Structure formats: C-alpha cells, structure tokens
Amino acid sequence: MKPYVLCHMVSSIDGRIWGSRWRPRANVVPNLFETLHDELVKEGGAGGSWLCGRVTAQEFARGKGKVYPLTAEKFPRENWYARKEAASWGIFLDAHGKAVWERSDIGGDPILVILTEQVPDSHLAGLRGEGISYIFAGKNEIDLAAALETLNRELGLTRLLLEGGGGANGALLRAGLIDEISLVISAVVDGSTGGPIVFNSGDSDLGPAPLQKMTLASHKVLDGGAVWLRYKLS
C-alpha cells in the first residue's frame, strides 16, 4: 500500500515554476505556496510529510559543492532511521547521493533521503553522522512505487505532498503514482525557454502521460488573480 500522493505546485500561466522570473512582479503573492501547503496539511489531518526531487534537495542542502569524507566503514544496504516518530517528514529523492546536508531537519521536519544501493559507504556514514534517515529503493535507479510502499509500511505515512521539482513530479506522474494535483496558476508569465516546468520527463520525448481520467474537484480564485485548481487522477 502506498500513501495518497497529492502534487502541489504554483506556476505561471505558461507552466513555469521559477518564481524569480515571473512578471509582473506586482502579481506575485508572497508565500502563496507555503500558505496553501499549510492549508493542505490541515485538510489532510494525517501529518504534513512532503517529497521533493534531487534538484530541490540540493537547494535545501547546506554543503553545496562538498562530498562526505571517505570512510573505511562498511554499511549494509538496509533502511536506517535516526528516528521513526515525527509529525511530518521532509523526504527527498537522491538516487546517487549528491546532497551534503549539514542539517538534520527543515523547519522542524526531519530529513529522510531515498537512495539507490550504489551510493557509497562514505555518503551513508555522512548521513548517519548528521542524523539523517534513509531508505533504499532500487539498485541503480529509484523504484518510486517501492519507496512509497516503504514509507507507508515502515513510517505509517498515508498522505504525502509531492512538491517538485518538475523532474520528480514527472517521474511520479509517469509511474501512475499521483492521486491528485493541486495547481495554482498565478497571474504572471515567465515567457522564456528552458526554465523548469510543473511536469518534466527529461530531454527525450516519452509520449503522452499515461492518464486515463482527470476530474476537476474544486476551483477557487485567490488574491492577485491566481486560480487554485484541484484535480483527481485515475
């Protein structure tokens, strides 16, 4: 069994998510993403654990450009938890162990990293030393379905907010693991080429997303001309 996955994103009307490039600036509502995140957490009533991808992980990590020091220790490729009790978790996909955290939580939410078995022992030692929990989901590539099942089985997570970036969103969408999309379209435009988008599947054209049904569950006009759309997927 997996958690209910709700993808929550805020974008420009052209689907871009790099807020610093949005214009006009007067239409950008400060902290809109965070405000609605908190509203979704209260609505769910099952904690506010959230999941992001590798690029976002490196934005949160403080050891930019660093690697964990080499070690002679050997670690089994088994899930390891610095703790198991938490109101909510900050969960990150980091298949190859690129993020050096130099922190153990984000806003009070303990960090948990999803890895592949090819991550070196030095990285595992670094995570343990910083009190960061980790689970394994695949040998060379992350098995997203297996990772979600582990989060449900071992931590009891029944609901998870998927919050980007576009690569993580696109991967879970193509794996058929997203149950709902919460998309806020702000009254702004990026208008350029190459910026990150809500759903991204890499540089290769993989064809249409494997969606059978997408139903509008609710819609709401927000401050600044933004529109909040909620869709159920099946």
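Please treat every number below as a calculation from the coordinates, not as lab data. Not measured: the values here are computed from a predicted model. Don't worry about glycine lacking a Cβ; one is built from the backbone with ideal geometry, like all the others, and counts go over all protein chains shown.
Between Glu154 and Ser104, what's the calculated FRET efficiency when r is the beta-carbon distance and R0 is 22 Å? Round to 0.05. Intermediate values should be presented prior to the final figure.
On the way: r = 19 Å, r/R0 = 0.85.
That pair, Glu154 with Ser104, gives E of 0.70.
Cα-Cα over 21 Å: which of Lys98/Lys139; Lys2/Lys232; Lys66/Lys139?
On the way: Lys98/Lys139 16 Å; Lys2/Lys232 16 Å; Lys66/Lys139 24 Å.
Listed pairs above 21 Å: Lys66/Lys139.
Apply the Karplus curve 6.51 cos²θ - 1.76 cosθ + 1.60, θ = phi - 60°, to the phi angles in segment 201-208 and return the couplings in whole Hz, x for Gly and Pro.
10, x, 7, 8, 7, 9, x, x
Which one, Arg16, Arg103, Arg159, has the greatest fluctuation when you compute a Gaussian network model over the chain with C-alpha springs under 10 angstrom?
Checking each option, the largest mean-square fluctuation is seen for Arg103.
Would you mind ranking Arg62, Arg174 by Cβ crowding within 10 Å, fewest neighbours first? Walk me through the numbers before you get to the answer.
Details: Arg62 10, Arg174 17.
With the fewest neighbours first, Arg62, Arg174 line up as Arg62, Arg174.
Got a sec to turn the phi values of segment 104-116 into Karplus ³J(HN,Hα) couplings, 6.51 cos²θ - 1.76 cosθ + 1.60 with θ = phi - 60°, whole Hz, x for Gly and Pro?
Once rounded to whole Hz, the list reads 10, 8, 10, x, x, 8, x, 7, 10, 10, 9, 10, 9.
So if I place +1 on the C-beta of Lys and Arg and -1 on the C-beta of Asp and Glu, and nothing else carries charge, what would the dipole magnitude of the chain be about its Cα centre? I want it in debye, nearest 20. The partial results should precede the final answer.
Details: 25 positive and 27 negative charges, 37 e Å.
So the magnitude is around 180 debye.
Choose one of Ser122, Leu51, Leu155: the residue whose Cα lies farthest towards the positive end of the charge dipole of segment 49-157 (beta-carbon charges +1 Lys, Arg; -1 Asp, Glu; about the Cα centre).
So the residue furthest toward the plus end is Ser122.
Give me the extension gain from Leu211 to Thr71: residue separation times 0.36 nm, minus the current Cα-Cα distance, reported in nm with one decimal. Working shown, then result.
Values: separation 140, 0.36 × 140 = 50.40 nm, distance 4.54 nm.
Stretched out fully, the Leu211 to Thr71 stretch lengthens by 45.9 nm.
Amide H neighbours of Leu112 under 5 Å, at least 5 residues apart or on other chains, H built in the peptide plane: list them.
It is Gly90, Ile91, Phe92, by chain and number.
Apply the Karplus parameterisation 6.51 cos²θ - 1.76 cosθ + 1.60, with θ equal to phi minus 60°, to every residue of segment 127-141 and state each ³J(HN,Hα) to the nearest whole Hz, in sequence, with x for glycine and proline.
4, 4, x, 8, x, 9, 6, 8, 10, 9, 8, x, 7, 10, 10
Between segment 164-234 and segment 1-47, how far is it from one alpha carbon centroid to the other, in angstrom?
Between the Cα centres of segment 164-234 and segment 1-47 lies a distance of 11 Å.
With the chain treated as a Gaussian network of Cα nodes joined by springs under 10 Å, which of Ile91, Ile106, Ile17 yields the largest mean-square fluctuation?
Evaluated over the chain, the most mobile residue of the options is Ile106.
To the nearest 500 deg cm²/dmol, what mean residue ellipticity at 222 nm is calculated for the chain from DSSP H runs of n ≥ 4 alone, each contributing -39,500 (n - 2.57), summed and divided by the residues? Spell out each step's value before the answer.
On the way: 5 runs with 50 residues, N = 234.
Here the helix-only value at 222 nm equals -6500 deg cm²/dmol.
Running a GNM on the chain with Cα contacts under 10 Å, which residue among Phe92, Phe136, Phe75 ends up with the highest mean-square fluctuation?
Evaluated over the chain, the most mobile residue of the options is Phe75.
Note down the nm distance, to one decimal, between modelled labels 7 Å out along Cα→Cβ at Ala145 and at Trp18.
3.5
Considering only DSSP beta bridges whose two residues both sit in the chain, what percent are antiparallel, to the nearest 5?
Working: 18 of 41 bridges.
Expressed as a percentage, antiparallel bridges in the chain total about 45.
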